[in-house]
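Have a look at the structure below before the remarks.
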Amino acid sequence: MASGTTSLPDTPPTASVEHVNIFHRYLFSEDAANSARKDETYKHTELLPTFPSIKWNPLELLKGLPEPGRNLSQPHAWKSGQLMNRQEIVYSEMSPSLGSEIRNMDLRTLGNAEKDELGAMLAERGLVVFRNQPNFTVDDQTALVSHFGPLYRHPTAGIPSEELSHIRVLYQGPESKPTPGFMSSVRQWHHDSPYELNPPGIISMRLLAAPPTGGDTVFSSGYDAYDLLSPGLQRFLEPLHAEHRPGQLDPLKMDMHARRPHTSAIHPVICVHPVTGWKTVFAIGTKGSTFGIVGLPQAESEMLIDFLGATVRDNINSQVRLQWDEETIALWDNRCVFHAATFNSYPHRRHAALISAVANQPMSPEEARAELLREPTSRAHSLDIEEKAACSGGNNVI
């Protein structure tokens, strides 16, 4: 690598060993889980986290995975599909560009065509929240997510058992008092597992035990983050790639067992979603796992990571906040949505089950031109063209 360019250090300057250990004790505390197991009144002890000393083979790059939603005939076709035509559902949007909420339907009754439509909705809206799902089980959650790709197994997070290793469990209880300031807003925003060759695509989450208040999840649009950049900065970033490593979840720093070997991956800074063809900022700005932009001097790399992180974190017009209850199921598209937890549920129990589907490797704009056989664009530009076409009676060619 040329002199003065980013050397991609072995440890990130922003994640000290002390910080990582605090992070570990809060999110991966076996003591808290063991205490809950002794609670005879708690009904989800079989889904509390365990950390078995098992070994998995390294993951290989997967190609040609299906993209549910890409098979629809035209953009926004999900709006007139079977799912949205169900008479009983109540549909609302959480913000103009991010998040949809659906009520009054049993998520277990989705057919395959409706799941494809859901995939297209997720690709456009980023987040879809289903309320009033009292009978939805983790088996139902597994079946639903399996439609979107192979199930992802996290290398270090808690799992209920070896047999249920695709379920990632997060548990905090009365013993999980966070250290003040241990999780800054800069560190919180992230995409899940960008250090994998095939990061997760669709992610589902539910709370088995929800606090009466606190413990929300906040989401921010990667599409909007791209659209907020100037055209010159967009053009500069599009050819660039960044290296991602486990960072705060590095088992070497957390002194915990890794079920798979330590991994890292290089992905485009600006990715193109395979369903929408829209450009999105991907994983950059998450200081815990973004180790540098390849080929840039370290100072410039850190400056851009900070700037993009601030774009994701500070633009409240691009964010929605999800307040959980135990009958809510949320799905989001990890390729175009950042998320952050709020660590304010103490001293109440917060027990989450996450199931994720592996996706194809993120595409750069150049790769997308060959893969999608069309010019990738921004969400804002795509919507501008559609509005002009609608105003002219549909005569514009899109």
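Note on segment 150-169: among residues that are under 12 Å from Arg259 (Cα atoms) and of a type in the set (S, T, N, Q), the one that is modelled with the lowest pLDDT is Thr156.
Just checking, does segment 195-204 include any residue being crowded, with 20+ Cβ neighbours inside 10 Å, in a loop (DSSP other than H, G, I, E, B) and either charged (D, E, K, R) or without any contact (Cβ under 8 Å) to a residue 24 or more places away in the chain (or both)? So far as segment 195-204 goes, yes, one or more of its residues are crowded, with 20+ Cβ neighbours inside 10 Å, in a loop (DSSP other than H, G, I, E, B) and either charged (D, E, K, R) or without any contact (Cβ under 8 Å) to a residue 24 or more places away in the chain (or both). For segment 37-61, taking the residues that are closer than 19 Å to Arg168 by Cβ and basic (Lys, Arg), the one that is nearest to the chain's Cα centre (by Cα) is identified as Lys55.
When Leu62 is tested against (1) in contact with a Gly (Cβ under 9 Å, 6 or more places away or on another chain); (2) under 17 Å from Ala113 (Cβ atoms); (3) surrounded by fewer than 16 Cβ atoms within 10 Å (Cβ to Cβ), only condition (2) is not met.
Within segment 71-89, if we keep just the residues that are in a loop (DSSP other than H, G, I, E, B) and small (Gly, Ala, Ser), the residue that is surrounded by the fewest Cβ atoms within 10 Å (Cβ to Cβ) turns out to be Ser73.
Can you name every residue in segment 289-325 that is part of a strand (DSSP E or B) and either out of contact with any strand residue (DSSP E or B) (no Cβ under 8 Å at 6 or more places or on another chain) or of a type in the set (A, V, I, L, M, F, W, C) (or both)?
If the condition is that a residue be part of a strand (DSSP E or B) and either out of contact with any strand residue (DSSP E or B) (no Cβ under 8 Å at 6 or more places or on another chain) or of a type in the set (A, V, I, L, M, F, W, C) (or both), then Phe291, Ile293, Val320, Leu322 are the ones that fit.
Exactly one residue among Pro68, Pro52 is part of a loop (DSSP other than H, G, I, E, B), farther than 30 Å from Asn315 by Cβ and either in contact with a Gly (Cβ under 7 Å, 6 or more places away or on another chain) or modelled with pLDDT of 85 or more (or both), and that residue is Pro52. Just one of (1) part of a loop (DSSP other than H, G, I, E, B); (2) touching an Asp or Glu at 6+ places or on another chain (Cβ under 7 Å); (3) closer than 29 Å to Glu46 by Cβ; (4) at pLDDT 95 or above fails for Glu175. It is (4). Of all the criteria given as (1) at pLDDT 95 or above; (2) under 20 Å from the mean Cα position of the chain (by Cα), the one not satisfied by Glu367 is (2).
Residues of segment 347-384 that are touching a strand residue (DSSP E or B) at 6+ places or on another chain (Cβ under 7 Å) and either hydroxyl-bearing (Ser, Thr, Tyr) or part of a helix (DSSP H, G or I) (or both): Ser356, Ser364, Pro365, Ala368, Glu371, Thr377, Ser378, Arg379, Ser382. Close contacts from segment 355-374, counting a first residue that is over 20 Å from Ile266 (Cα atoms) and a second that is acidic (Asp, Glu) and outside any helix (DSSP H, G or I), with Cβ to Cβ under 7 Å and a gap of 6+ residues or different chains, come to Ser356/Asp192.
Scanning segment 242-288 for residues that are part of a loop (DSSP other than H, G, I, E, B), at pLDDT 90 or above and over 30 Å from Ser53 (Cα atoms) yields Val269, His273, Pro274, Val275, Thr276, Gly277, Phe282.
Taking every residue in segment 114-139 that is farther than 16 Å from Asp325 by Cβ and pairing it with any residue that is aliphatic (A, V, I, L, M) and at pLDDT below 95, at least 6 positions away or on another chain, the pairs with Cβ-Cβ distances below 9 Å are Asp116/Leu72; Glu117/Leu72; Glu117/Ala77; Gly119/Leu72; Ala120/Leu72; Ala120/Ala77.
For segment 348-367, filtered to residues that are more than 23 Å from Leu127 (Cα to Cα) and in contact with a Gly (Cβ under 8 Å, 6 or more places away or on another chain), the residue that is surrounded by the most Cβ atoms within 10 Å (Cβ to Cβ) is Arg349.
The values are calculated or read from the model by the stated rules, or taken from the named source; none is laboratory data. Only a predicted model underlies this, so the values are computations on that prediction, with no experimental measurement involved. FYI the Cβ positions are ideal-geometry reconstructions off the backbone, even for glycines, and counts take in every protein chain you see.
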